[in-house]
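Presented below is the structure to which this report refers.
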There are 2 protein chains.
Amino acid sequence: MPTKIVVLGAGIIGISSALAIQEAFDKDVQVTIIAENVSPNTTSDVAAGLIEPAEGKRAKEWGRLTINRIKEYINEGNLGAGEISGYWMQSKQEHPEWLDLMKNVRVLSNSEVTEIAKRPQHKFGLFYTTWYLEPTRYIDYCTKKIMENGAKIIQRKIENIDELGNDFDVIVNCTGLGSRVLFNDETIRPCRGQIVRVSCPQVRHFFMDDDYYTLINDNCLILGRTKDMDCWDLTIDKKSADKIIEGNCINIPSLSNAKIVSHNVGLRPWRTSVKLEKEIGKNNTPIIHNYGHGGNGISLHWGCALEVAQLVKSILV
Amino acid sequence: MPTKIVVLGAGIIGISSALAIQEAFDKDVQVTIIAENVSPNTTSDVAAGLIEPAEGKRAKEWGRLTINRIKEYINEGNLGAGEISGYWMQSKQEHPEWLDLMKNVRVLSNSEVTEIAKRPQHKFGLFYTTWYLEPTRYIDYCTKKIMENGAKIIQRKIENIDELGNDFDVIVNCTGLGSRVLFNDETIRPCRGQIVRVSCPQVRHFFMDDDYYTLINDNCLILGRTKDMDCWDLTIDKKSADKIIEGNCINIPSLSNAKIVSHNVGLRPWRTSVKLEKEIGKNNTPIIHNYGHGGNGISLHWGCALEVAQLVKSILV
């Protein structure tokens, strides 16, 4: 009889964990996904999908594995992912270690900074090439694969982990902010992000600074950003939207004629670091946690999913 | 009475020359454009619009002025122009002087070349940032301006320059290949270029090598190229189209799922160098030539137009 694994959560973290487990075990596991919300209504679906791994050695390796995955996805000719270049203007000079994973990295000269600068904060600058991955398209791609591999998806809210009884041999927790209630982890907190999607096909480079970003997807740009810690409000704030548009238009004047496509809000599952580890639950069922990715879920997802699959292996072997 | 100026040709060279003259003289000139074909049916309309100035000191300055013009056009929020980055893979290492006008120029390291290379010819490589300008949108933008400034456009084929009689004080010749018959210049020759426009929004970088290019416009990519000297054939050649698509798909595998938008053929007005100079015509009418831009017409147009305006000034002052 195949091992029964339940994955809680159907954002990019849950869906990719399910897929990595299936790929690691072939037919020997039966994966069930239980989630309150599925794509396009998950937190992941709001993400801009700019690949920017977090700080730290572990995150860097997750980022490296995720980038390799995205390159394969791109080379298959799928929509919703691509290589993009752009500018990161800084008020304090920063050069995080994950830039090693990027291409065409250049520290801008003083004269280049002067030419590009649009605000007093633009004192330093980097140019580099990264990737974007549109969560909605990619989750759909992975979901098709996990369904073909025999997974079941149940849309249902779990209020208490005991509801699962003894139905599963392994629990994989990818509930993000849901872990606050479900696993009593108060260190995971919402970091509210509001964005504006606009159509402006002539802008081909991303542009970020301390306060604003213009990022790139297949058919739109994503303008941000807000970072409201401990704010659970999912409604669109008109003032924030206006500020986001105004700030980005200063950075990229040609945005002034962009057409607004949509407004969105998402709650980043913020934590000082990702929780990716094994524990043994009440009734002796092993639980693998994979949550707390903040704004880096898309950038780290595949490396984390592979590590989840390894942890499942360590339990079952 | 205002000075009467006729501009022959309504491609990007003719239209921009007309505009530069008007801007140099304000209301003191009356500009008439006479052209057999107008946009979107000119040679310019087939061009991909990648900014890549030609070799030589004069061309470099025309390129510089044109790039400044394009930056202003972009900052106004117009469609049909943008900053783009990409790769130029080479079989022999080249570093033309016009790269000084580009941004973010990087000679790729051996390991980068190895990662990007898709053919044995990809031995060296450059990454850089340039611009694109979509001729059809831009000609429309300039045409509106010259009409507002009081220009007249007459669509009519001129077989012989004598047809103009003594109606004009200055003739500006922007007829491209038309100069072969109209001004007996056999040094201007057609260089046939066939392209395929495809939709593939996830490709955000241009990619060129000795034989192929994938270039970028607002809502499509332009795949090329053919360079058939002295070929006047304006029909689409199926074999060339297949070869263009196949070659570019090898360079960029994700193009395999691109959707074909259109096939086009244009005859580049090839000449060893641009003819931009003044001569005195039969009946003492000054003629200013501005033709023979080969594949660089979009890249050089505004610098040339400004020089035309200067030459008109030298005649009229």
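The values are calculated or read from the model by the stated rules, or taken from the named source; none is laboratory data. Computed from a predicted model, the values in this text were never measured in an experiment. Here the Cβ is made from the backbone with ideal geometry for all residues, glycine too, and neighbour counts use every protein chain on show. Side chains included, ligands, DNA and RNA excluded: accessible areas come from the protein's heavy atoms. Shrake-Rupley method; radii C 1.70, N 1.55, O 1.52, S 1.80 Å.
Taking the conditions (1) within 30 Å of A:ALA20 (Cβ to Cβ); (2) in contact (Cβ under 8 Å) with a residue 12 or more places away in the chain; (3) surrounded by fewer than 19 Cβ atoms within 10 Å (Cβ to Cβ) in turn, A:ILE146 satisfies each one other than (3). For B:ALA59, the conditions (1) surrounded by 21 or more Cβ atoms within 10 Å (Cβ to Cβ); (2) within 14 Å of chain A (Cβ to nearest Cβ); (3) in contact with a helix residue (DSSP H, G or I) (Cβ under 7 Å, 6 or more places away or on another chain); (4) small (Gly, Ala, Ser) all hold with the exception of (2). Within the set A:LEU223, A:LEU215, the sole residue that is modelled with pLDDT of 95 or more and within 14 Å of chain B (Cβ to nearest Cβ) turns out to be A:LEU215. Right, A:MET1: of a type outside the set (Ser, Thr, Tyr), over 30 Å from B:CYS249 (Cβ atoms) and either at pLDDT 95 or above or in contact with a Ser or Thr (Cβ under 9 Å, 6 or more places away or on another chain) (or both) or not? Answer is no for this residue. Quick one: in the range A:170-220, which of the residues that are over 16 Å from the mean Cα position of the chain (by Cα), open to solvent by 30 Å² or more (accessible area, probe 1.4 Å) and hydroxyl-bearing (Ser, Thr, Tyr) is farthest from A:VAL7 (Cα to Cα)? Applying the filter and picking the extreme gives A:SER199.
Can you find a residue in the range A:140-163 that is within 14 Å of chain B (Cβ to nearest Cβ), within 27 Å of A:LEU50 (Cβ to Cβ) and in a helix (DSSP H, G or I)? Step through it out loud before you land on a result.
If we filter the range A:140-163 for residues that are within 14 Å of chain B (Cβ to nearest Cβ), which is where we start, we get A:141.
Of the ones still in play, those that are also within 27 Å of A:LEU50 (Cβ to Cβ) are A:141.
When the remaining residues are screened for being in a helix (DSSP H, G or I), the result is A:141.
Yes; the residues of the range A:140-163 include at least one that is within 14 Å of chain B (Cβ to nearest Cβ), within 27 Å of A:LEU50 (Cβ to Cβ) and in a helix (DSSP H, G or I).
If I ask for residues that are surrounded by fewer than 15 Cβ atoms within 10 Å (Cβ to Cβ) and either within 14 Å of another protein chain (Cβ to nearest Cβ) or among the hydroxyl-bearing types (Ser, Thr, Tyr) (or both), which ones from the range A:227-252 would you list? Residues satisfying the conditions are A:THR235, A:ILE250.
A search for C-beta distances below 7 Å between a residue of the range B:80-93 that is under 16 Å from B:ARG204 (Cα atoms) and at the interface with chain A (Cβ under 9 Å from one of its Cβ atoms) and any residue that is β-branched (Val, Ile, Thr) and not in a strand (DSSP E or B), counting only pairs 6+ apart in sequence or on different chains, returns B:ALA81/B:ILE70; B:ALA81/B:ILE74; B:GLY82/A:VAL203; B:GLY82/B:ILE74.
Each residue in the range A:29-56 was checked for being under 24 Å from A:LYS4 (Cβ atoms), surrounded by fewer than 22 Cβ atoms within 10 Å (Cβ to Cβ) and small (Gly, Ala, Ser), and 1 pass. Restricting the first member to the range A:279-297 and to residues that are open to solvent by 10 Å² or more (accessible area, probe 1.4 Å), and the second to residues that are in a strand (DSSP E or B) and among the aromatic types (Phe, Trp, Tyr), the beta-carbon pairs closer than 7 Å and six or more apart or on different chains are A:GLY294/A:TRP270.
Scanning the range A:103-112 for residues that are surrounded by fewer than 21 Cβ atoms within 10 Å (Cβ to Cβ) and within 12 Å of another protein chain (Cβ to nearest Cβ) yields A:LYS103, A:ASN104, A:VAL105, A:ARG106, A:VAL107, A:SER109, A:SER111, A:GLU112.
Residue by residue through the range B:83-98, note down the ones that are surrounded by fewer than 17 Cβ atoms within 10 Å (Cβ to Cβ) and either closer than 30 Å to A:LEU255 by Cα or among the small types (Gly, Ala, Ser) (or both). Write out each step before concluding.
Taking the range B:83-98 as the starting set, the residues that turn out to be surrounded by fewer than 17 Cβ atoms within 10 Å (Cβ to Cβ) are B:91-97.
Once the filter is applied, which keeps residues that are surrounded by fewer than 17 Cβ atoms within 10 Å (Cβ to Cβ) and either closer than 30 Å to A:LEU255 by Cα or among the small types (Gly, Ala, Ser) (or both), the range B:83-98 yields only B:SER91.
Test A:ARG69 against the criterion of being of a type in the set (Lys, Arg), surrounded by fewer than 18 Cβ atoms within 10 Å (Cβ to Cβ) and away from chain B (no Cβ under 14 Å), and give yes or no. Give the derivation first.
Numbers: of a type in the set (Lys, Arg): yes; surrounded by fewer than 18 Cβ atoms within 10 Å (Cβ to Cβ): no; away from chain B (no Cβ under 14 Å): yes.
Criteria not met by A:ARG69.
Only residues that are among the β-branched types (Val, Ile, Thr) and part of a strand (DSSP E or B) were counted in the range B:273-312, giving 3. Looking across A:ILE188, A:ILE195, one residue alone is in contact with a Ser or Thr (Cβ under 8 Å, 6 or more places away or on another chain), in contact (Cβ under 8 Å) with a residue 40 or more places away in the chain and within 19 Å of A:ASP228 (Cα to Cα). It is A:ILE188.
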